[in-house]
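What follows is a single structure, written as structure tokens, with notes after it.
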Amino acid sequence: MATEELTLNIGPSHPSTHGVCRLVVRLDGEIVTHVEPVIGHLHRGIEKIAENRTYLQVVPLTDRLDYVGSMYANWAYCRAVERLAGIRVPERAEYIRVIVCELQRIASHMMGIGSSAADTGATSAFLYAFDQREKVIDLFEALCGARLTYNYVRPGGVAFELPDGWIEQCRAFIEQHPSAMLTIDEFFFGNAIARVRLKGIGVLDADTAVAWGVSGPAARGSGVDWDLRRDDPYSVYPRFDFDVPLGSNGDCFDRARIRLWECIESCRIIEQALDQIEPGPIMAEGLPRLLAPRPGDAYDHIESARGSLGVYVVSDGSPRPYRMKVRSPAFCNLAVLPEIAVGYTLSDLLVILGSLDPVFGEVDR
Amino acid sequence: MAAIDDLAKLLEETPGGGVVLTTLDAVMNWARGKSLWTFPMGTACCAMELIAASFSRFDFDRHGTIPRPDPRHCDVMVVAGTVTRKMMPAVKRIYDQMPEPRWVIAMGNCAVSGGIFYYDSYSVVRGVDEFLPVDVYIAGCPPRPEALQDAVLQLRKKIAAQSISPKRTRAVQSDLAMPSDPRKGDVTATRADAAGDVSEVTS
Amino acid sequence: MRIEELRERVCAMYPDLCPLFSIEFGDGTIAVPLERIHSALADLKDMGFDRLGMVTAVDRGEDFELVYRLQSRTLRAGMFVKTMVPRSDPKIPSVCDLWPAANWQEREVYDLFGVVFEGHPDLRRILLPDDWVGHPLRKDYQDERIIRRPDYI
Amino acid sequence: MTSFLLGALWGVVGVVVIAGGAVIGVWWERKVAGRIQLRYGPQQIGPAGSLQMLADVPKLLFKEDVVPSGADKPLFKYAPLVVFAPVAAAIAVIPFAKGWAMFDTAVGVLFFLAVPSIEVVAILVAAWAQRNTYSALGGLRAASQMIAYEVPRALSVAPLVLLAGSLRPTDLVAAWRWWWVPLLALAFLIYLISSIAEMNRGPFDLPEAESELVAGYFADYSGMRWAIFMMAEYGAIITTSLFAAATFLGAGWPFDGALGVVALIVKAAALVTLVMWTKWTLPRIRQDQLLRFCWTVLVPAALVQLAIVGVVLPWL
């Protein structure tokens, strides 16, 4: 039956756009026939601001990129600068970085799983997930005093030594975390309604995922076996034994549930790192007060909670970066939305958007 | 707003109505202060703390403050995060959709002044008070949920000094020297060229 | 795959460009002339670089340096492809036909640098409002709304 | 004349009961939600925040009454009243005690099933009058869902009518025996599910789905008009639960008289809590799944229950 199409504007402030995304949707009944994401509502020009800051002063800016997982942007930026300036990071600092970033992955995935739940209407599951996130944030607060924007990973190492008793606190967290995850798995992913809402929705096949540059859990949900921690190993990751969970269907269910298994894997990594960590310096020695790397450009990427997060820094020999570019995984993941959302209903569209887990600080930069 | 305006006017004109008006004011201010429903205008990082505020650990529902997704049902808009030039019309529009009486809390440095993006940024609006009448400012990048809690309590104090009669509100506020909304009168005038003005003054 | 190995494979494919392959900061970079950029990227894609990591530009004064970051799952390697685009006539063929991932990335470069990608299906501003004047990441971008930060160092 | 006055009196009582129940219901929902979500809910006003509504109601009462400029003004203004009236009317036929209801009529069951359905017209009118895409979508969703779920709801009450041999609610209460509960367990479940869908509560709250349609069919209503929508929603929960407690669960059983009324209210409160518990635990279903569930699961199941009762009936 031919019906007139309805154009619906969602956002930029809508309860389930996860930030300030605007979606212009054309609907046939409730079926989405066309969707166009309009982004940039949070474009703050961080890349331009960075050109007028010293290398150290850029670190707080990177906190504000992916505000659900600030440690990642810190680390990716610091790795690029260290590569550019030829700084060797002490081993203890590398371990601390791995630990905080895996904790950050848990915190970030809690938000991802929670918002997937909230999009389908299971608000309570969101609160259970957020409860775990608060526990991670407690750990970070003990570490660096901030709940959200940590400014903890610095070029050359990390800012502060682990406080007394932190390791025990961390162990206590990772001990209770997997069982809490299984509870959420049972409560939300085991629910019949959640299953029919998530399964078979927003199917992204592996080839499309690679072609569109989708990375992280969104790609692994489609069975793309690509995890920088294992495939382009950096830092001390080769020393840990962990699995990369893979999905098979590439639907919202797989994308969301993979995050849950990744959290459990992260617990394994943290446990090994806590066992292996040894006393030592946490900051590279002999760093100048003002970094001024020799001219050139460097790129480094890490596996963030959303995918491969890369930072490209160009130096002209001055104490300020000539150009900084963030290859943000959320930006690339979001680009695939029009490909996978067409043909599903309006209710599904928001679930699909949530399953890509975009963070608009990072999408818009 | 019609009913309440008429009521206030009627009470002012009636001899002895002032007593009733004062009592009604007290009741209304108490009710409004205890039932501040927020519109979570979360744009950036502070949105995370805004979410945390209404979740298990901080639980703003204890104070009767619940987030509602629809601006029509809300009393106070919490602008949490950076507002860019592209976002500004949307924020303004949502504020316009809220029914009177309405208040604005600027949460975080970005909403207060532009914060870390004050300098060198070409797209950030330096504070939401360029286009919205802000009642309470919370500093912090981002502020903790407790700070937002404090902002709600401060806003209650401010509401306690208001009256349902517009005339009285003005009198009460000038007497108490409350930090009142600086640009409430000329919202439309400031909107278009405010950004340009500020940069000229400061630079 | 190690960088040297990668260099050999690239040199076997493009003997004339071999001197332009440099290894710096642990990453391989090949500088390709503007007119050959699309075919070079297509060849590299056939070689196994199935992922386009990012497309960006650097304002080098007279020219814009376009930087493509390629990533390969099969070769387990990453490399840069760079080319110079004249500032006076910033036009470059789009690679959307090779990697759809380039779609938004090229729109971003167009938005912030004003480089025109020829053959792009939908070249519009992406981050800034449609009525924005200028391309802010150019070094000579002027905007009276910017407040310069006082120089402390 | 006296009967008219009596009717008016009962009308006022009904409205007061529903409004008061809705006010308590909102508080109770916030507490139940808090309990489920590891938090406390309202705490500051009254014991355990029970008087929170004392602040919320006057505040909503004196909010600005926004009428969107594009809206169809008369329809916009009066739709909330039309939403509320049928819900309040439904309470009239509920048998609070053996042989007593406000309006004890021979077709009470039909009245209870039919009158609240007028709500769907009001919701459609409200949704359409706002001239808002979200509310229009919500209104259409509400209409399709409420009309579809009328069928299993009516079918689920039919076995009761068969067993009692009467459409008079008080007769149902009088005829009730404890073994109706196991016999009609399926019908009771169908009644609960279809009622939840009928009153747009989670997991079937698609017409007002927060995460999709922001607030659905009342997106542009503010202040008291919106509060009336909420009151109608909570009123529907209360009347539905009261009716279920009275007919399926034997009203005041095992007590009589005043104690019986208390027992009825306790049963109804338990059902109300169950409805809220469901909402805060389950995700939201999708529109097509919702309708498919109705026609392929609920309606056949209700027919099966009806058949069982029909087979058993001659031996009773």
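Laid out as a table, the results:
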| item | result |
| --- | --- |
| A:Ala194 being aliphatic (A, V, I, L, M), more than 23 Å from the chain's Cα centre (by Cα) and surrounded by fewer than 14 Cβ atoms within 10 Å (Cβ to Cβ) | no |
| Selection from region B:83-121 of residues that are more than 22 Å from B:Trp37 (Cα to Cα) and of a type in the set (Asp, Glu) | B:Asp120 |
| Residue among A:Arg154, A:Arg133, A:Arg229 that alone is touching a residue at least 12 places away in the same chain (Cβ under 8 Å), crowded, with 20+ Cβ neighbours inside 10 Å and within 14 Å of chain C (Cβ to nearest Cβ) | A:Arg229 |
| Count of residues meeting criterion [surrounded by 14 or more Cβ atoms within 10 Å (Cβ to Cβ) and within 14 Å of chain A (Cβ to nearest Cβ)] in region C:2-21 | 2 |
| Boolean, A:Leu65 is in a loop (DSSP other than H, G, I, E, B) and either among the aromatic types (Phe, Trp, Tyr) or more than 25 Å from D:Ala136 (Cβ to Cβ) (or both) | yes |
| Leading residue by the ranking (nearest to A:Arg171 (Cα to Cα)) among those in region A:232-271 that are without any contact (Cβ under 8 Å) to a residue 24 or more places away in the chain and within 14 Å of chain C (Cβ to nearest Cβ) | A:Pro238 |
| Pair list, Cβ under 7 Å, 6 or more apart: region A:52-64 residue over 14 Å from A:Val153 (Cβ atoms), other residue of a type outside the set (A, V, I, L, M, F, W, C) and in a helix (DSSP H, G or I) | A:Arg64/A:Gly361 |
| Residue in region D:198-212 that is in a helix (DSSP H, G or I), closer than 14 Å to D:Ile285 by Cα and more than 21 Å from the chain's Cα centre (by Cα) present | yes |
| Residue check for D:Leu183: aliphatic (A, V, I, L, M), touching a residue at least 12 places away in the same chain (Cβ under 8 Å) and closer than 17 Å to D:Leu313 by Cα | yes |
| Residues within region A:1-60 that are within 14 Å of chain C (Cβ to nearest Cβ), of a type outside the set (D, E, K, R) and surrounded by fewer than 22 Cβ atoms within 10 Å (Cβ to Cβ), tallied | 8 |
| Residue within region D:174-185 that is in contact with a Lys or Arg (Cβ under 8 Å, 6 or more places away or on another chain), modelled with pLDDT of 80 or more and either assigned to a helix (DSSP H, G or I) or surrounded by fewer than 23 Cβ atoms within 10 Å (Cβ to Cβ) (or both) present | yes |
| Only listed residue being surrounded by fewer than 23 Cβ atoms within 10 Å (Cβ to Cβ) and more than 29 Å from C:Gln142 (Cα to Cα), chosen from B:Arg72, B:Arg68 | B:Arg68 |
| Any hit, region C:96-107, residues being part of a helix (DSSP H, G or I), more than 10 Å from chain A (Cβ to nearest Cβ), out of contact with any Pro (no Cβ under 9 Å at 6 or more places or on another chain) and within 22 Å of A:Val314 (Cβ to Cβ) | yes |
| Verdict on D:Lys279 being at pLDDT below 90 and within 14 Å of chain A (Cβ to nearest Cβ) | yes |
| Tally, over region D:250-281, of residues that are surrounded by fewer than 20 Cβ atoms within 10 Å (Cβ to Cβ) and outside any helix (DSSP H, G or I) | 4 |
| Output for region D:301-316, where each listed residue is within 14 Å of D:Pro159 (Cα to Cα) and free of Cβ contacts under 8 Å to residues at least 40 places away in the same chain | D:Ala307, D:Val311, D:Pro314 |
| Some residue of region A:205-213 being more than 12 Å from chain C (Cβ to nearest Cβ), free of Cβ contacts under 8 Å to residues at least 60 places away in the same chain and farther than 25 Å from D:Pro283 by Cβ | yes |
| Helices (runs of 4 or more DSSP H) completely within region D:1-107 that count 3 or more residues being buried (at least 16 other Cβ atoms within 10 Å of the Cβ) and more than 14 Å from chain B (Cβ to nearest Cβ) | D:2-36, D:73-90 |
| Count of residues meeting criterion [surrounded by fewer than 23 Cβ atoms within 10 Å (Cβ to Cβ) and closer than 10 Å to D:Pro152 by Cβ] in region D:191-204 | 1 |
| Odd one out for C:Gly114, checked against (1) surrounded by 13 or more Cβ atoms within 10 Å (Cβ to Cβ); (2) within 16 Å of C:Val32 (Cβ to Cβ) | (2) |
| Residues located in region C:108-131, provided they are in a loop (DSSP other than H, G, I, E, B) and either in contact with a helix residue (DSSP H, G or I) (Cβ under 6 Å, 6 or more places away or on another chain) or in contact (Cβ under 8 Å) with a residue 12 or more places away in the chain (or both) | C:Gly114, C:Val115, C:Gly119, C:His120, C:Pro121, C:Asp122, C:Leu123, C:Arg124, C:Arg125, C:Ile126, C:Leu127, C:Leu128 |
| Pair list, Cβ under 6 Å, 6 or more apart: region A:189-200 residue free of Cβ contacts under 8 Å to residues at least 40 places away in the same chain, other residue not hydroxyl-bearing (Ser, Thr, Tyr) | A:Val196/D:Gln289 |
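The rows are residues; the columns are (1) of a type in the set (A, V, I, L, M); (2) within 9 Å of another protein chain (Cβ to nearest Cβ); (3) farther than 20 Å from A:Ala211 by Cα.
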position	(1), (2), (3)
C:Lys45	no, no, no
C:Phe49	no, no, no
C:Val55	yes, no, no
C:Phe80	no, yes, no
C:Pro129	no, yes, yes
C:Lys139	no, yes, yes
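The values are calculated or read from the model by the stated rules, or taken from the named source; none is laboratory data. Since the model is a prediction, treat every value here as computed from it, not as a measurement. For neighbour counting, all protein chains shown are included, and Cβ atoms are generated from backbone atoms with ideal geometry for every residue, glycine included.
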